[in-house]
1. Determine the equivalent ellipsoid of region B:6-46 by diagonalising the alpha-carbon gyration tensor, then write out the semi-axes as square roots of 5 times the eigenvalues, largest first, rounded to whole Å.
2. Which longest run of chain A has no exposed loop site in it, a site being trypsin sites (Lys or Arg not before Pro) in a DSSP loop with at most 11 other beta carbons within 10 Å, and the site itself not part of the run?
3. Say we join alpha carbon atoms closer than 10 Å with springs in a Gaussian network model of chain A; which of A:Pro75, A:Pro39, A:Pro83 then has the biggest fluctuation?
4. Keeping all protein chains in position, work out how much accessible area B:Met99 exposes to a 1.4 Å probe, and write it in Å² to the nearest 10.
5. In whole Å and largest first, what semi-axes does the C-alpha gyration tensor of chain A yield when each eigenvalue is scaled by 5 and square-rooted?
6. Percent of Cα-Cα pairs more than 21 Å apart in chain B, please.
7. Taking the alpha-carbon centroid of each part, what is the distance from region B:19-56 to region A:83-104 in angstrom?
8. So which residues of region B:1-25 lose at least 10 Å² of accessible area, probe 1.4 Å, when you go from the chain by itself to every protein chain present?
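The values are calculated or read from the model by the stated rules, or taken from the named source; none is laboratory data. Keep in mind it's a predicted model, so treat the numbers as computed, not measured. So basically every Cβ, Gly included, is an ideal-geometry build from the backbone, and we count neighbours across all protein chains shown. With ligands, DNA and RNA removed, areas are computed over all heavy atoms of the protein, side chains included. Shrake-Rupley method; radii C 1.70, N 1.55, O 1.52, S 1.80 Å.
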Amino acid sequence: NAGVTQTPKFQVLKTGQSMTLQCAQDMNHEYMSWYRQDPGMGLRLIHYSVGAGITDQGEVPNGYNVSRSTTEDFPLRLLSAAPSQTSVYFCASSYSRGTALHFGNGTRLTVT
Amino acid sequence: ILNVEQSPQSLHVQEGDSTNFTCSFPSSNFYALHWYRWETAKSPEALFVMTLNGDEKKKGRISATLNTKEGYSYLYIKGSQPEDSATYLCALNNNAGNMLTFGGGTRLMVKP
């Protein structure tokens, strides 16, 4: 099993550009989520999904969209990148709500 | 959003020392408490998930306890080794179990 796979590992964007961070898991997990990690802030929840077709906002959802058309995939879209979105992004999945998260390797995004 | 506080922020110990950190939270109104271990340049890995007051969990030299009535959890490391050096994260699931809020972490450095 590959676990949780995130792509790309690194990305540089210019302000206003759009992009999609990909996340896929092969463990048939119901629950998937996206976090951002900023110095001094810890991990903050952006969006989450409790199953295919269901998504909801976390603590810091502004500027990000998600969709969950399949159990395996949970892409995160930045529609118009801003320097404030410079961060390290982690995708995570778990068997169900309230169970241990499995994290991807992270995507380091820089917006200039 | 649940408030999760961890202390201390960082800790230096000698190899062989036993140590413990605290995770505190203001309410017993949550679904589960998680502990994660996060090594530099890697992704967080789950250590424990606890739900009941008085829960105790153990994995090798690491153990954790949960006191929901007084609002804290302790993580203990017995006989610290250099490979235990990492940031230890505490997180709480909300009542519905669908949102996980992380504390700021305790950074442990074990000197050989």
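1. Ellipsoid semi-axes (Å, largest first): 23, 16, 9.
2. A:15-112
3. The residue that fluctuates most here is A:Pro39.
4. Accessible surface of B:Met99 is approximately 40 Å².
5. 22, 14, 13
6. Tail of the P(r) past 21 Å holds 30 percent of the pairs.
7. 16 Å
8. The answer is B:Ile1 - residues whose exposure falls by at least 10 Å² when every protein chain is included.
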